[in-house]
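Taking it in order: structure first as structure tokens, then the write-up.
The values are calculated or read from the model by the stated rules, or taken from the named source; none is laboratory data. Here the structure is a predicted model, which means the values were calculated and not measured. Here the Cβ is made from the backbone with ideal geometry for all residues, glycine too, and neighbour counts use every protein chain on show.
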Amino acid sequence: MMNWIVTHQKGIKHALLLTALLTFLLAVVSYSISRLFAPGFIPEQFIPTSLLGAITPAISVLLVYELLLLTLSVKGPFVIFIRRQFEVISLIVLRDLFKKMDELAVTDIIPAHLLVELAVVGVGSILLYFFVEVLERIESNFIKGALKEELPTKNSWLHSTKGWFEAGLFVFFTVIVAYEAVGWLAGVPGTGFNQAFLELTFSGLIIFNVTLLFLTLLATEGYEILFEHSALIVASLTVLIAISKDTLVAIPLIIAALLFVIVTLMLHGFARGRSISGQLKLLRSRGGSTK
């Protein structure tokens, strides 16, 4: 199933982008109908508080797609999983930015804390975009392929176990997405692609990667894998903790975790003979050579 999704990834992307656009347009229509023509005709959970609020459910559809890519990325190098994780986090922060702007649009008396949170989320989204770009260049220029968690094919038991774990993770993700979507459409309280959904998804991904790390250690004797990947998993745990925190705490925590990842990967290159200055020069190009 996962291989089928990878093969048809482009088609799935287009379908979800069209779904996001349709979701936005339906939210605009429901807002217009409820405010101008027939108040009470549409259930309240489907009515955004403002036109800005109509963007949020559309971004949630994109978020599900990015989380799907994140789930699929466990089949590749660990560093790609980390990069996709922070791409997802950037989208979450962007969604939060629109939520804050929506609050600003419907509030007559603007509280000072809302302006501060809006400023923190706005600046944080810009910094996250910049550092995710740095992380992508680190991966493509001098880390690509070096942080793989591929189990040796000669160890058939470990190789098949990895496949079962990947399938289990995909089933886990599919079930919770279906539950949240159906629950939200049915008006079940507490459902929707909210904080609890994100915490559950990231918990599953982290548990998978910790388990896979130990499976890899069973097949290899390279304990550098333990230290490097443990550092990256710590960053993932920091992100998981940040999701449940207040904006003023969460954004700095996420940015700190991303900086921690970047420093770890730079040290990864340094430990393998690359100078820090040489790595910084490579960051200026989008796709350098690893030679």
Go through region 18-49 and give me each residue that's in contact (Cβ under 8 Å) with a residue 40 or more places away in the chain and either touching a strand residue (DSSP E or B) at 6+ places or on another chain (Cβ under 8 Å) or of a type in the set (Ser, Thr, Tyr) (or both). Thr19, Thr49
Could you list all residues from region 75-97 that are assigned to a helix (DSSP H, G or I) and touching a Gly at 6+ places or on another chain (Cβ under 8 Å)? Val93, Leu97
With region 187-285 as the region, which helices (runs of 4 or more DSSP H) entirely inside it contain at least 2 residues that are at pLDDT 80 or above and under 16 Å from the mean Cα position of the chain (by Cα)? 195-219, 224-243, 247-271
Taking Trp164 and the conditions (1) among the aromatic types (Phe, Trp, Tyr); (2) touching a residue at least 60 places away in the same chain (Cβ under 8 Å); (3) surrounded by fewer than 13 Cβ atoms within 10 Å (Cβ to Cβ), which numbered condition does it fall short on, given that it satisfies the others? (2)
For the structure I just gave you, tell me whether Ile42 is part of a helix (DSSP H, G or I) and farther than 20 Å from Ala242 by Cβ. no
So for region 104-119 (the condition being over 30 Å from Leu212 (Cα atoms), among the hydrophobic types (A, V, I, L, M, F, W, C) and surrounded by 19 or more Cβ atoms within 10 Å (Cβ to Cβ)), does at least one residue qualify? yes
Between residues in region 101-120 that are without any contact (Cβ under 8 Å) to a residue 12 or more places away in the chain and among the hydrophobic types (A, V, I, L, M, F, W, C) and residues that are surrounded by 12 or more Cβ atoms within 10 Å (Cβ to Cβ) and in a helix (DSSP H, G or I), which pairs lie under 7 Å by C-beta distance while being six or more apart or on different chains? Ile110/Leu104
With the checklist (1) surrounded by fewer than 23 Cβ atoms within 10 Å (Cβ to Cβ); (2) closer than 16 Å to Thr7 by Cα; (3) touching a Phe, Trp or Tyr at 6+ places or on another chain (Cβ under 8 Å); (4) not charged (D, E, K, R) in hand, flag the one item Thr71 doesn't pass. (1)
Taking region 1-22 as the region of interest, how many residues are at pLDDT 85 or above and loosely packed, with under 11 Cβ neighbours inside 10 Å? 1
Hey, can you tell me all the residues within region 257-283 that are surrounded by 13 or more Cβ atoms within 10 Å (Cβ to Cβ) and of a type in the set (A, V, I, L, M)? Ala257, Leu258, Leu259, Val261, Ile262, Leu265, Met266, Leu267, Leu282, Leu283
